[in-house]
Structures are given as structure tokens and as C-alpha cells.
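A short write-up of the structure that comes next.
The values are calculated or read from the model by the stated rules, or taken from the named source; none is laboratory data. The model shown is predicted, which means the values in this text are computed figures rather than measured ones. Neighbour counts run over all protein chains shown; Cβ positions are idealised from the backbone, glycine included. These accessible areas exclude ligands, DNA and RNA; they are computed on the full protein's heavy atoms, side chains included. Shrake-Rupley method; radii C 1.70, N 1.55, O 1.52, S 1.80 Å.
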Amino acid sequence: MLTASREVEVKYQVADPAPLIAALAEHGFHLSDVATQDDQAYAQPGWEYGMSKIGVAFARLRTQGDLHVFTVKKPVDNDLSCLEYETQVADRDAMHQAVLCMGFVPTVRIVKQRRTARRGQVVVCLDDVLHAGIFVEFERIVGPEESAVDIQAELDSFARSLVSGLERTTQTYDSLVRDRQYPRP
């Protein structure tokens, strides 16, 4: 039986990544080499930016090197607490056409330079997102019995204990990129 994992995260804009990288290393998070991720985001028909994402399924097609990954996320508690289904696909173009055939609508392209680290249950992603800036995410996969809000509070407390000057955001990368490319009046 296939079950969705629930990904819970907190995200921050980072003005200067050097102190953060040093603090992460002191806590046993040794970041990987940089990998480029090229993501195409998709929304269900009828959904538009500015509307709630809670309970709405969104798709993503990611390419990193020669690897293509298709993901569907459905925010549950807030935009950064989602049910998630993910699988590798052999052909990005064919999957793109399949997603369109299912009725999803392309929204924005997100290109980022990502470094990751894992320690215990926590994954850290340090991202330089084209058109949006530098961000750090702290995330965990949690079970259905765990409170996403409580986990986000724990992750936030840990992140803020590392360095000062992190600016928390509750937006997803697609929203951040779109807002930077098409600012609202």
C-alpha cells in the first residue's frame, strides 16, 4: 500500500550564508556540493496566485543532472506542511505532456543551486534561487500523528539558535519567484 509522506518545513531568506554554513557545520550538518535543480511548477485548473493552497494538489517536475523527478504536493496545515508523493521518471518531456493532459497548468520555472545536509531526521537545504535570493530550509518527514505546527516551531527554534538575521518566510519557492518576477501593485 502506498502512503504519502508528510513533509514539514520552515524557510528563511539568508543575507550572508557564510556564518550559517559555519554554524551548521558546528552542529554536524556538512553541506553537499552544489547541484543545479530545474523545476517546473504546475497548479490545478482554476487555482491562481493569491488563492489559498491548503487542500489543493500541485505538481512539480524537477531535473537535476540526468535525473528527473515528478512530485505532487498537497498542503495540509499550511503552505509548508504537505502530503507528498514522488517518483523518478525516465523522460521529462513525456512527463510534462502527461501532466498537461491531466489538466495541470504550468505556473513558474524555479532554477536553483542547492546544497543539502542531513543529521538525524532533519534535512537542511541551502538554496540560491534565481530571481528570489538565498534561502535555507529545515525540513522533516513526519507521521500523521505529529503536529506540523509543533514540528515547525521546533525547527524554527533550532534555526534561530544557529545565527541571527534569518528572515522567515511562509511562502513556497514558486510564489517567491512569481512575486519577484511579477510584483503586485
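Of the residues that sit in the stretch 64-89 and are surrounded by 15 or more Cβ atoms within 10 Å (Cβ to Cβ) and of a type in the set (Val, Ile, Thr), which one is farthest from GLU137 (Cα to Cα)? Result: VAL89.
Filtering the stretch 139-168 to residues that are without any contact (Cβ under 8 Å) to a residue 60 or more places away in the chain and within 18 Å of ALA15 (Cβ to Cβ) leaves ARG160, SER161, SER164. Only residues that are touching a residue at least 12 places away in the same chain (Cβ under 8 Å), among the small types (Gly, Ala, Ser) and open to solvent by 50 Å² or more (accessible area, probe 1.4 Å) were counted across the stretch 90-114, and they come to 1. Evaluated against (1) over 18 Å from ALA98 (Cβ atoms); (2) in a strand (DSSP E or B), GLN40 falls short on exactly one condition, (1).
The residues on offer are TYR42, TYR49, TYR12, and the sole one that is surrounded by 13 or more Cβ atoms within 10 Å (Cβ to Cβ), at pLDDT below 95 and not aliphatic (A, V, I, L, M) is TYR49.
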